[in-house]
Amino acid sequence: EDQVTQSPEALRLQEGESSSLNCSYTVSGLRGLFWYRQDPGKGPEFLFTLYSAGEEKEKERLKATLTKKESFLHITAPKPEDSATYLCAVQVERNNRLAFGKGNQVVVIP
Amino acid sequence: GAGVSQTPSNKVTEKGKYVELRCDPISGHTALYWYRQSLGQGPEFLIYFQGTGAADDSGLPNDRFFAVRPEGSVSTLKIQRTERGDSAVYLCASSTGGGLETQYFGPGTRLLVL
């Protein structure tokens, strides 16, 4: 069974305090790993897709990396508007569904 | 351009009633997905359509749940004899195809079964 585990579940950061979110996965035949951002009462918003170990992608203050066992989402000098739940999901070769972790809830305090 | 839209945004019903949830995907997207998200959890896969046909319905929890996409665009998720445990946010996503293309999500329908 495909498993996706995200840690920490919740994180409070001071504005400007950089940190990293972890997504570890156990799957057979990874096709891609996705990061989404979800604000309260909204649907997930796409951030990144990573396809192979060693790949990195950046967008503003966010940087996603991938190894064979886990992915990290680095938040550099966060601002209050970065407060959200960050969801990690994997897609495997044998089907098209996304299997999600529970999310990392991030609160950035001004 | 327009994103995925879902109606209604909120639905309150009584135990035992029938409900229909609608999803309007991004224009031109052939793949459509339904997920269910409970409080504090990540979305959980329900069903995937490629065109008009259900290519994978293995995530539907039981036979009270059914979904259709008759013309390959709009989809309706139907829940019969609702139970309190069906209360959740039902999310719809669409993508250009059924492979590794990005799935774009709608805002969800919040279903509350009393």
Residue with peak Gaussian network fluctuation, chain A [Cα springs, cutoff 10 Å], from A:25, A:86, A:51 = A:51
query = Can you list the lysines whose alpha carbon sits under 23 Å from that of residue A:57, skipping same-chain ones fewer than 8 residues off?
reply = A:68, A:69, A:79, A:102
task = Quick one: P(r) of chain A from all Cα-Cα pairs, 10 Å bins, percents rounded to integers, in order of increasing distance.
result = 15, 50, 29, 6, 0
request  = Report the equivalent ellipsoid semi-axes for the protein assembly as shown in whole Å, largest first, defined as the square roots of five times the eigenvalues of the gyration tensor built from alpha carbon atoms.
outcome  = 30, 20, 16
inquiry  = Can you find, among A:13, A:43, A:29, the residue sitting farthest towards the positive end of the charge dipole of region A:1-85, where Lys and Arg contribute +1 and Asp and Glu -1 at Cβ?
reply    = A:29
inquiry  = Only Cα pairs within less than 10 Å get springs; with that Gaussian network setup on chain B, which residue of B:60, B:77, B:100 has the largest fluctuation?
reply    = B:100
query = Just the accessible area for residue B:58, please: 1.4 Å probe, Å², rounded to the nearest 10?
reply = 80
key: Straight-distance crosslink candidates among aspartates and glutamates, where the alpha carbon sits under 12 Å from residue A:42 and sequence neighbours closer than 8 are dropped   = none
task = Give the accessible surface of the protein assembly as shown per residue, rounded to a whole number of Å², with probe radius 1.4 Å and ligands, DNA and RNA excluded.
result = 48
request  = With springs only between Cα atoms under 10 Å apart, run a GNM on chain A and tell me which of A:54, A:29, A:41 wobbles the most.
outcome  = A:41
key: Charge dipole magnitude, Cβ of K and R +1, D and E -1 - region B:5-113, Cα centre, debye nearest 20   = 420
query = Charges only on Cβ, +1 for Lys and Arg, -1 for Asp and Glu: so what's the dipole of region A:3-95 about the Cα centre, in debye to the nearest 20?
reply = 280
key: HN-Hα J in Hz across region B:19-34 - Karplus 6.51, -1.76, 1.60, θ = phi - 60°, x for Gly and Pro   = 10, 10, 10, 10, 10, 10, x, 5, 4, x, 6, 8, 9, 9, 10, 10
request  = Name the long-range amide H neighbours of residue A:102: under 5 Å, sequence gap of 5 or more, or other chain; modelled H, no Pro or chain starts.
outcome  = A:6, B:42
query = Tell me, what HN-Hα J-couplings in whole Hz come from the Karplus equation 6.51 cos²θ - 1.76 cosθ + 1.60 at θ = phi - 60° for each residue of region A:74-89, using x for Gly and Pro?
reply = 8, 10, 9, 6, x, 10, x, 6, 7, 5, 4, 9, 9, 9, 10, 9
ask   = Over chain B, what number does the Rg to Rh ratio reach, with both radii from the alpha-carbon atoms and Rh per Kirkwood?
value = 0.95
key: In Hz, Karplus ³J(HN,Hα) per residue of region A:48-59 (6.51, -1.76, 1.60; θ = phi - 60°; x = Gly, Pro)   = 9, 10, 10, 10, 9, 4, x, 6, 9, 9, 10, 8
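The values are calculated or read from the model by the stated rules, or taken from the named source; none is laboratory data. None of the values given here were measured: they were computed from a predicted structure. Here Cβ is always computed from backbone atoms with ideal geometry, including for glycine, and neighbour counts include all displayed protein chains. In case anyone asks, the SASA skips ligands and DNA or RNA and just uses the protein heavy atoms, side chains included. Shrake-Rupley method; radii C 1.70, N 1.55, O 1.52, S 1.80 Å.
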